[in-house]
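Structure, as structure tokens:
The values are calculated or read from the model by the stated rules, or taken from the named source; none is laboratory data. Every value quoted in this text rests on a predicted model; they were computed, and no experiment measured them. Every residue, glycine among them, receives a Cβ derived from its backbone with ideal geometry; neighbour counts consider all protein chains shown. Areas reflect the complete protein model, heavy atoms only, side chains present, ligands, DNA and RNA absent. Shrake-Rupley method; radii C 1.70, N 1.55, O 1.52, S 1.80 Å.
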Amino acid sequence: MSAPLHLSAVRPLVRYVDEEQAVIDTHVSASPAGWWSGQGQLDPVVEVLVEIRGSDGFHDEERTPLRLVQGRGRVRLDVVQPNRWWPAGMGDQPLYDLTVSLVMGDQTIGHKTTTIGLTSVRCDASDSARAVSQLLVNGQVCSIRSLVMVDRVDENQLLPAAGDSILLVRDHYGPDVLYEAADRAGILLIQCVPIDPEGTPEREVTAQVDRLAPHPSLAGWFIGHLGRISDQVAQLIRTLDPTRSIFRELPSVRAA
């Protein structure tokens, strides 16, 4: 008998946001991925309920049938007149609770809730691929005056950074508490992707992107140069999170 299907991961990505509308693509993973596959049977169709709630009482939802291909699928949710998340000094930092429930028949198989912010962070097209002296946040220029390196021993010293600083989390994946604090404080971060040249990082990278992608404070990913494995990881992240920039050189801030 096949193992029961259950909701294993959700990865919400803000594909578009302006003052009138936000478009959220929520990627759903169910395991085991091979459930209902093989022996001539089709991938399962389940119902997915996506609900979003704001602290101001806002609530919206989308319920839709979803075919899970190799245990994965995507649900799109449109939010009207969103409260956008901004870096400190540019606006407020409203956060939303996003709940995804997997339903088959009358049975809820499982649900997961994560916190998201509705924002868009892009590199200025006029800037170099390396410099982060200007970012476009929700289409507006965000001037960055300093780049602050964050190592494991520095994580408790996050909040002294201002909204015109960007933090580079290097040599490790930042913990939830770091990103949650940055979300609330309006501080942007770039996450380094540690790569073991002797390892196979696909599973860990996928899990970390699933974990960190909902955070509005995540401005981009830094991947160094370790040959083919770095190229593979960069391509994987582009597939998993096409909403954020990937830096291949150590980001820098130009002098004003």
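Mind checking which residues of segment 182-202 are over 14 Å from residue 85 (Cβ atoms) and under 16 Å from the mean Cα position of the chain (by Cα)?
From segment 182-202, those over 14 Å from residue 85 (Cβ atoms) are 190-202; that's our starting set.
The answer is 190, 191, 192, 193.
What pairs come up if the first residue lies in segment 198-218 and is closer than 15 Å to residue 238 by Cα and of a type outside the set (Phe, Trp, Tyr), the second is open to solvent by less than 20 Å² (accessible area, probe 1.4 Å) and part of a loop (DSSP other than H, G, I, E, B), and their beta carbons are under 6 Å apart, counting only those six or more places apart or on different chains?
209/241; 213/241
Residues of segment 197-256 being β-branched (Val, Ile, Thr), at pLDDT 85 or above and part of a loop (DSSP other than H, G, I, E, B), which ones?
Passing the criteria: 223, 243.
Which ones in segment 165-184 are charged (D, E, K, R), open to solvent by 10 Å² or more (accessible area, probe 1.4 Å) and either touching a residue at least 24 places away in the same chain (Cβ under 8 Å) or outside any loop (DSSP other than H, G, I, E, B) (or both)?
170, 176, 180, 184
For the subset of segment 44-80 comprising residues that are part of a loop (DSSP other than H, G, I, E, B) and surrounded by 17 or more Cβ atoms within 10 Å (Cβ to Cβ), which member is modelled with the lowest pLDDT? Walk me through how you get there before you give the answer.
Just the residues of segment 44-80 that are part of a loop (DSSP other than H, G, I, E, B), to begin with: 44, 55-58, 68, 70-71.
In the following step, the residues that additionally are surrounded by 17 or more Cβ atoms within 10 Å (Cβ to Cβ) were identified as 44, 68, 71.
On the way: 44: 74, 68: 85, 71: 85.
So the residue we want is 44.
Can you pull out the residues in segment 185-196 that are without any contact (Cβ under 8 Å) to a residue 40 or more places away in the chain and in a strand (DSSP E or B)?
Pass one, segment 185-196, residues without any contact (Cβ under 8 Å) to a residue 40 or more places away in the chain: 189, 191-192, 194-196.
Selection gives 189, 191, 192.
List every residue pair whose Cβ atoms sit under 8 Å apart, with the two residues 6 or more apart in sequence or on different chains, where the first one lies in segment 15-40 and is over 15 Å from residue 216 (Cβ atoms) and at pLDDT below 95 and the second, anywhere, is polar (S, T, N, Q) and crowded, with 16+ Cβ neighbours inside 10 Å.
29/8; 30/8; 31/8
Return the residues of segment 124-159 that are modelled with pLDDT under 85, hydrophobic (A, V, I, L, M, F, W, C) and crowded, with 17+ Cβ neighbours inside 10 Å; say none if nothing qualifies.
131, 132, 150, 158 - these are the residues of segment 124-159 that are modelled with pLDDT under 85, hydrophobic (A, V, I, L, M, F, W, C) and crowded, with 17+ Cβ neighbours inside 10 Å.
May I ask you to verify whether residue 184 is at pLDDT 75 or above, within 27 Å of residue 226 (Cα to Cα) and basic (Lys, Arg)?
It is false that residue 184 is at pLDDT 75 or above, within 27 Å of residue 226 (Cα to Cα) and basic (Lys, Arg).
Which of the residues spanning segment 93-109 are open to solvent by 20 Å² or more (accessible area, probe 1.4 Å), over 19 Å from the mean Cα position of the chain (by Cα) and in contact (Cβ under 8 Å) with a residue 12 or more places away in the chain?
Residues satisfying the conditions are 104, 109.
Could you tell me which of the residues 241, 171 is of a type outside the set (A, V, I, L, M, F, W, C), under 19 Å from residue 25 (Cα atoms) and touching a helix residue (DSSP H, G or I) at 6+ places or on another chain (Cβ under 9 Å)? Step through it out loud before you land on a result.
Working: 171 fails: under 19 Å from residue 25 (Cα atoms).
Residue meeting the stated conditions: 241.
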